[in-house]
1. Does segment 138-161 contain at least one residue that is crowded, with 21+ Cβ neighbours inside 10 Å and either of a type in the set (S, T, N, Q) or more than 26 Å from residue 437 (Cα to Cα) (or both)?
2. Filter segment 80-105 down to the residues that are more than 11 Å from residue 141 (Cα to Cα) and modelled with pLDDT under 80, then identify the one that is surrounded by the most Cβ atoms within 10 Å (Cβ to Cβ).
3. Go through segment 162-183 residue by residue and tally those that are of a type in the set (Val, Ile, Thr) and surrounded by fewer than 23 Cβ atoms within 10 Å (Cβ to Cβ).
4. Where the second residue is modelled with pLDDT of 75 or more and surrounded by fewer than 15 Cβ atoms within 10 Å (Cβ to Cβ) and the first is within 19 Å of residue 176 (Cα to Cα) and lies in segment 64-79, which pairs have Cβ atoms under 7 Å and are six or more apart or on separate chains?
5. Select the helices (runs of 4 or more DSSP H) contained entirely in segment 137-189, then report the ones holding at least 1 residues which are of a type outside the set (Val, Ile, Thr) and within 15 Å of residue 423 (Cβ to Cβ).
6. When you go through (1) at pLDDT 85 or above; (2) farther than 24 Å from residue 434 by Cα one by one for residue 169, which number turns out not to apply?
7. Would you point out the residue of segment 316-348, among those that are at pLDDT below 80 and of a type in the set (S, T, N, Q), that is nearest to residue 140 (Cα to Cα)?
8. Identify all residues within segment 396-431 that are outside any helix (DSSP H, G or I) and crowded, with 24+ Cβ neighbours inside 10 Å; write none if there are none.
Amino acid sequence: MANSIEGPQEPGFWHSLTCFGGVMVIVISGMLWLGVNLHSLLVIAVVWVAGHSSLLGFSYIEIKSAMIAGIQKGLGAIFIFFLIGILVAALIESGTIGGLIYYGLDLLHPTFFLPAGLVLCSLMSLATGTAWGTIATIGVVLMGLGAALGIPLPLVAGMVVSGASFGDKMSPVSDTTNLAAMSANTDLYSHITSMMYTTVPTYIISIILFTAFGLYYSGQTISAEELLILRQGLDTEFTISPLTLLPLLVLLVLSLRRAPAEVSMLASVFVALVLAVVMQDRVVPDVLNSLHDGYVASTGIEQLDTLLSRGGITSMMWTMSLALIALSLGGILDRAGFVRVLLSGMLRRIKRSASLIAATIGAGIISNMSMGEGYLSIIFGGQIFKDSYEEAGLEKHMLSRTLEEGATLSTSLIPWTTSGAFITGVLNMSPLEFAPWAFFNYINPLLSIGLAYMGFGIFRKVQSTVDQSSNVAGDGESDTGVGVS
């Protein structure tokens, strides 16, 4: 390359805005108005961004290398995709999913199903630190129970994602919680304490909303006779016993002991396969084949067959292929500097602390849309905004909190992120369908921004309290929580 020493040019703000805006137009207009497959749209977006990168002087080899680098950063998620597909198939084979649904029909009253499900997902995710594991296990069960009770599935999916996101955001053993604290260079428990100021009110609002919808739909659920038919169908398909819950217990215990996610899932799969052969009288070759092809139910009840015919590696191929394309797109956007320049341009226009908080949350969403991976968005946001928070005299845990509220909570609501694609594969539902019902995920960032503009929950360093009028808050902004760490 002729300019190999100097390297390609850095894009300007308006060039970056045009490039990124074009990606959004391609994806959103293609999905909502033209009904084009998301994979095809992302391929077009890759070509669009590659073209803009070439204008900056990037060679074909450099663009290809950027795509490969983007994929490499998300390989950990790709491995999890395979294991989740295997785990779901194994849990159905062992009767674990069927048993949970069977017992759940007795324990969960329709009126309290949604708030109880929210709390259950929250506790599971809080204990294990994984939203994906929660959605793939308890989430699948709750989707089945919701369908049996006659509650709209997008509403149930929104409840599952809300609960799983709460635990993933607040758990001290969560990857995103630790990553956000590390990216902002703050103490983990200061980070969690800071998040409580906006997370607890949001969670209370979410419980109230899900309770209200639960009361509304409680009178529209299916009859006792229909529930009896479902139980009989489960009893015919599986040997129902508390012992079938053992794989889930193994997964929970290992997660609590902070074993790697891959190890926890593989151990759970092994126990489930043993139960499938011993308790469910399944033939070993059929069980092993289902790990690839998924379980196929034949209860004769369409509702149950649809619910239980899932899992396997092949069920995650749509998700994995989408994630690979999205990560390659993010790799080019990151390497060419389009997102970095765009956010830097936003920072120069910020004059208030509240605006800085709003910009950080917005940046997390933009990064997820462009790079397709929540982990990358958290790290990227920490690098971009760290100096601005320091100059504004804000505590470091303010940055870590807003990184989570932007990046962690939005990643499940964007179809082409690794998380959005994962949920689509597991719950058979696009984020576009359940996003309006994932109350926690979008109320939390909105509440955080609203409280910031009202002056609540903004924590400043003690040394900056002598003359608050001189810092970024300026212009008469009065903040509460000054000097609290």
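1. No.
2. Step one: of segment 80-105, the residues more than 11 Å from residue 141 (Cα to Cα) are 80-87, 89-90, 93-95.
Add one more test, that the residue is modelled with pLDDT under 80, and what stays is 80-81, 84.
Working: 80: 21, 81: 22, 84: 25.
Among those residues, the one meeting the criterion is 84.
3. Keep residues of segment 162-183 that are of a type in the set (Val, Ile, Thr), which gives 173, 176-177.
Filter once more, keeping what is surrounded by fewer than 23 Cβ atoms within 10 Å (Cβ to Cβ): 173.
The qualifying residues number 1.
4. From residues that are within 19 Å of residue 176 (Cα to Cα), the pairs are 79/262.
5. On the way: elements: 140-149, 153-170, 175-183.
So the answer is 140-149, 153-170.
6. Exception for residue 169: condition (2).
7. Ranking the qualifying residues of segment 316-348, first place goes to 319.
8. Just the residues of segment 396-431 that are outside any helix (DSSP H, G or I), to begin with: 414-417, 428-430.
Answer for segment 396-431, where residues must be outside any helix (DSSP H, G or I) and crowded, with 24+ Cβ neighbours inside 10 Å: 416, 417.
The values are calculated or read from the model by the stated rules, or taken from the named source; none is laboratory data. Just so we're clear, the structure is a prediction, and the values are computed from it rather than from any experiment. Glycine gets a Cβ as well: all are built from the backbone with ideal geometry, and neighbour counts include every protein chain shown.
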